[in-house]
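Colleague: Shown below is the structure under consideration.
None of the figures in this text is laboratory data; all of them are computed from the coordinates on show. Keep in mind it's a predicted model, so treat the numbers as computed, not measured. Positions of Cβ are backbone-derived with ideal geometry, glycine not excepted, and every protein chain shown enters the neighbour counts.
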Amino acid sequence: MLKDEILELKKKLNVSIVAHFYQRNEVFEIADIVGDSLELAKKAKDDKSEFLIFCGVGFMGESVKILAPNKQVLMPKIACCSMAKMIDAKYYDDSIEFLIKNGIQKDDILPITYINSSADVKAKVGEMGGMVCTSSNAKVIIENAIKSNKKILFIPDKCLGQNIANMMGLKSSIIGDGSDPKKSDIICYDGFCSVHQLFSVEDIKFYRKKYPNILIISHPECTPEVVRESDFVGSTSQIIRYINSLDINQKIAVATEYNLVNRLRDKNTFVLSSSKPECPTMNETTLEDVYTVLKSIEDNKPINEIFVDKNTTKWAKLSLERMFEVC
Ligand code: 13P
Ligand code: SF4
C-alpha cells in the first residue's frame, strides 16, 4: 500500500512531513507536524529534520523557508492560496500610492499583512516597518499596532481586517469603497477567501430555526455579517479547542473548511453551508504527490523545492519576526 511505502521512506530519510488542518484526511494522517498557519510556522522552523515536506499552500512553505533558510523545504504540490494571489508587489505599491494621494503620509502608514501573502509582499511590509499576523493573533497584533497612532493598511483579507476592527470598536474601510481613508483606523485591501465567502446569514438562520440551541462557529475570514451572527469566532486551532471543550450533545454548525469540519467529531456537527466548502488548492496534494517527493529525496534529486532570494528573505523575515516578538 502507498501509505506503508510512505511510512517506510519516512523512517529511512531525514524528513518531517508537515500538514495544515485543511489537507485531505489521508495526507493529514501521515504527517509528523500538524497545525494552523501560526503553529506550522513555529513548529516547522524549529524542527530538526534536514527536509521538510510541506503539505499546504505556497505561502506556508515559503514562510518556513524564510524563517529557516538553511532547511530544504519541498512541497508535494506547489498549490497557491487564491487570497494570497490577490495582491502582489505592484498592487501593494498601488495601495500605498492610493493612501498618499488621499492625504496620508507614507511615514504615517503601518502595513500589516495576513500570513496568507507572498514572500514579495511580506518583504515590502517588512521594509516599511510592518509585520505579519495570522488569524490566531490578528487581534493582538492590531491592538499593539494601533498604539503607534499610525493608519493601519491591512492586506490582503478585507474580512479579517474588518472583523478585527469591529471586535475592537475601530473604524475600517476598504480601498476603492469611495470613503475617505483618513477617517478610518484600518484601511483594508479588497482581498478575500473564496472558500469562507460560501457561508451566509441565511445559512445561520436556517440552522437556528431548525435547532434553536445550536452554536454557530466561524473563522474570521468569513464575512462581517456571518461573524456578527456567530457564537464563537476563531482561527482553525482556536475553533478545534473550543469545540473539544463542548459537550458532545451540543449541536454545532461550523463555517470553515470542509475537511477540517468533517474530522472534528462524529455527531451533532454540521458544515454551515449547503455547498461543500473545500479549499481547492489545499485539496490538490495527494498521497501520490507525497510519495513522489519522498522518492526524489531518496534518489538525491529533490523536486519542488522552495527558494526565496536573499533580499526578499531579509525583509520578509523581519516582518515575520516582528510578529513573533509580539506573540
Ligand atoms: P489558519 O490561520 O486558521 O490556519 O487559517 C489559514 C487559512 O488559510 C484559512 O483559510
Ligand atoms: Fe487561501 Fe481560503 Fe484556501 Fe485558506 S481556505 S488557503 S485563505 S483559499
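Colleague: Under a straight-distance cross-link criterion of Cα-Cα below 21 Å, which lysines are reachable from K183, leaving out those fewer than 8 residues away in the same chain?
Modeller: In chain and number order, the partners are K101, K106, K139, K147, K150, K151, K158, K171.
Colleague: Another one. What's the magnitude of the charge dipole for the chain around its Cα centre, counting Lys and Arg as +1 and Asp and Glu as -1 at the beta-carbon? Answer in Debye, nearest 20.
Modeller: Using only the charged Cβ atoms, the result is roughly 600 debye.
Colleague: Using 7 Å Cα-to-Cβ label points, what is the L2/N311 separation (nm, one decimal)?
Modeller: 4.2
Colleague: In addition: Residues of the range 203-232 with backbone nitrogen within less than 13 Å of a virtual label 7 Å along the Cα-to-Cβ line of Q250, please, listed as ranges.
Modeller: In the range 203-232, the label zone of Q250 (backbone N under 13 Å from the point 7 Å along Cα→Cβ) covers 213-218, 231-232.
Colleague: Mind checking the full-extension length gain between S148 and N262? Use 0.36 nm per residue of separation minus the Cα-Cα distance, one decimal, nm.
Modeller: Here the segment from S148 to N262 would lengthen by 36.9 nm.
Colleague: A further question on this structure: Take the Cα of R241, step 7 Å along the line toward its Cβ, and report every residue of the range 128-164 whose backbone nitrogen sits under 18 Å from that point.
Modeller: 133-143
Colleague: With θ set to phi - 60° and the Karplus curve 6.51 cos²θ - 1.76 cosθ + 1.60, what are the ³J(HN,Hα) couplings of the range 139-152 in order, to the nearest whole Hz, using x for Gly and Pro?
Modeller: 5, 5, 5, 6, 4, 6, 5, 5, 5, 6, 6, 9, 7, 8
Colleague: For the range 219-234, take each phi angle, set θ = phi - 60°, evaluate the Karplus expression 6.51 cos²θ - 1.76 cosθ + 1.60, and give the result in whole Hz per residue in order, putting x for glycine and proline.
Modeller: Taking θ as phi minus 60°, the curve returns 8, x, 7, 6, 5, x, 5, 5, 4, 4, 8, 8, 8, 9, 10, x Hz for the range 219-234.
Colleague: Counting each DSSP H run of 4 or more residues in the chain as -39500 (n - 2.57), what helix-only mean residue ellipticity at 222 nm follows after dividing by all residues, to the nearest 500 deg cm²/dmol?
Modeller: Only helices count here, giving -12000 deg cm²/dmol.
Colleague: Which residues in the range 38-56 place their backbone N less than 13 Å from a point set 7 Å from the Cα of S296 along the Cα-to-Cβ direction?
Modeller: Output list for this probe position: 52-55.
Colleague: Next up: Using 1/(1 + (r/R0)^6) with R0 = 35 angstrom and r between the beta carbons of E202 and D46, what's the FRET efficiency to the nearest 0.05?
Modeller: In this case the efficiency is close to 0.20.
Colleague: Take the cross-link list K71/K317; K3/K65; K85/K124 and give me the ones stretching past 18 Å between alpha-carbons.
Modeller: K3/K65
Colleague: Sort L7, L38 so the one with the fewest other Cβ atoms within 10 Å of its own Cβ comes first.
Modeller: Neighbour counts put them in this order, fewest first: L7, L38.
Colleague: While we're on this one: Run down the aspartates and glutamates and flag those whose C-alpha is under 13 Å from the C-alpha of K295, throwing out any fewer than 8 positions away in its chain.
Modeller: Once the sequence-local aspartates and glutamates are set aside, what remains near K295 is E5, E8.
Colleague: Same structure again: Express in nm, to one decimal, how much length is gained between D177 and K90 on full extension, taking 0.36 nm for each residue of separation and deducting their alpha carbon distance.
Modeller: Here the segment from D177 to K90 would lengthen by 29.3 nm.
Colleague: Separate question: Going Cα to Cα from K11, which aspartates and glutamates come in below 14 Å? Please leave out same-chain ones fewer than 8 positions away.
Modeller: D32, E50, E298
Colleague: Then there is this: Is the range 101-188 rounded, prolate or oblate when judged by the Cα gyration tensor, a ≥ b ≥ c being the square roots of its eigenvalues, rounded requiring a/c under 1.5 and prolate requiring a/b larger than b/c?
Modeller: Since a/c stays below 1.5, the shape of the range 101-188 is classed as rounded.
Colleague: Lys/Arg Cβ at +1, Asp/Glu Cβ at -1, dipole of the chain taken about the Cα centre: which of L13, T285, M60 is farthest positive-ward?
Modeller: Among L13, T285, M60, the one farthest towards the positive end of the dipole of the chain is M60.
Colleague: Something else about it: Roughly how many nanometres apart are two label points built 7 Å out from the Cα toward the Cβ at I100 and D231?
Modeller: It works out to 5.0 nm between the two label points.
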